[in-house]
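Structure first, commentary second.
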Amino acid sequence: MENLNDLSRISQIRAALSAKSGLRRLYEEVYQHYAACLTRCPRDGLAVELGSGGGFAKNVIPELITSDVLPYTGVDIVADATKMPFLDRSVRFFGMLNVFHHIPDAAAFLSEAVRCLAPNGRAFIADQNRGWISSPILRYFHSEPYAPASKTWQFASTGPLNGANGALPWMVFARDRSRFEREFPNLKLLQYKPTTPLRYWLSGGLKRWSLLPESAWKYATTFDKLLLKVSPHFGSFVEIELLKSDG
């Protein structure tokens, strides 16, 4: 398995985002959803992205504080999502793109989110989904672990990023939703919206190849929307929005 803790990976990620229009468009789409979510948040407080890595969310949202568990060049702060350095009720928005499934203790993160979020603050999580297309890809062709049958929201990790469960978002917010609601009554699940059946896989992700040039973006987007109209189970990724209650 690739060493995801290697700090030199940041140049590979940034190069892929620069060279591959399809991948860059997918990131931009999520960042626009960050921005839309921010309009629904309180006016005061911090806006924070967790796991910023080689992304470019700050180009879209200049006031965003970027962070990562690894000391990548270009991020504003180094922060562990299970032990965050923010004051109680000081954050109005958390954004996360392909980060949640790398957190080795999801309950610890959710507890920290409850502590840090201001009343009516929100978290927007874009991550992998257990869909009809994504499940065989994540199980047999992806480099990261995928264990939808796991009973626990935790997994072993040999470093900040060398550990994952690609099914974790589905496990916490779909399969175990009743547990989530029982253990975190101050976090309301506003949406669990499957997205992007094919576009990410066609983009090639961080690999060298891509089957999604700029000229095909509009057609691939239309086809993704058609698949989701047939069934949300086609969604390979998911957008999750959480609201912190006043309590």
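Here, each number is a calculation from the coordinates, and none is a lab measurement. What you see is a predicted model, and the numbers here were worked out from it, not measured in a lab. Please note: Cβ atoms are built from the backbone with ideal geometry, for glycine as well, and neighbour counts cover all protein chains shown.
Working note: Cα atoms of region 2-47, range along each principal axis, descending, whole Å: 39, 24, 14. Each Cα pair of the chain feeds into the Kirkwood radius, which the Stokes-Einstein equation turns, at 37 °C and 0.692 mPa s, into a diffusion coefficient of 180 µm²/s. Straight-line reach from Lys218: taking Cα to Cα under 19 Å and skipping same-chain neighbours fewer than 8 places apart, the lysines in range are Lys20, Lys229.
Distance distribution note for region 62-125: the fraction of Cα pairs above 18 angstrom is 32%. Ordering Phe173, Pro194, Ser111 by the projection of their Cα atoms onto the charge dipole of the chain, which places +1 on the Cβ of Lys and Arg and -1 on the Cβ of Asp and Glu, puts Pro194 at the extreme positive end. Ellipsoid fit via the Cα gyration tensor, region 134-247: semi-axes of 28, 20, 13 Å, each the root of five times an eigenvalue, largest first. Between region 211-241 and region 1-26, the C-alpha centres lie 21 angstrom from each other. Other residues with beta-carbon under 14 Å from the beta-carbon of Ala81 carry, at +1 per Lys or Arg and -1 per Asp or Glu, a net charge of -4. When you filter the GluC sites (Glu not before Pro) in region 94-202 for DSSP loop state and at most 16 other Cβ atoms inside 10 Å of their Cβ, nothing is left. Each Lys or Arg adds one and each Asp or Glu subtracts one; over the other residues with Cβ under 14 Å from the Cβ of Tyr219, this totals +2.
Note on the chain: antiparallel DSSP beta bridges, both residues inside, total approximately 55 percent of the bridges counted.
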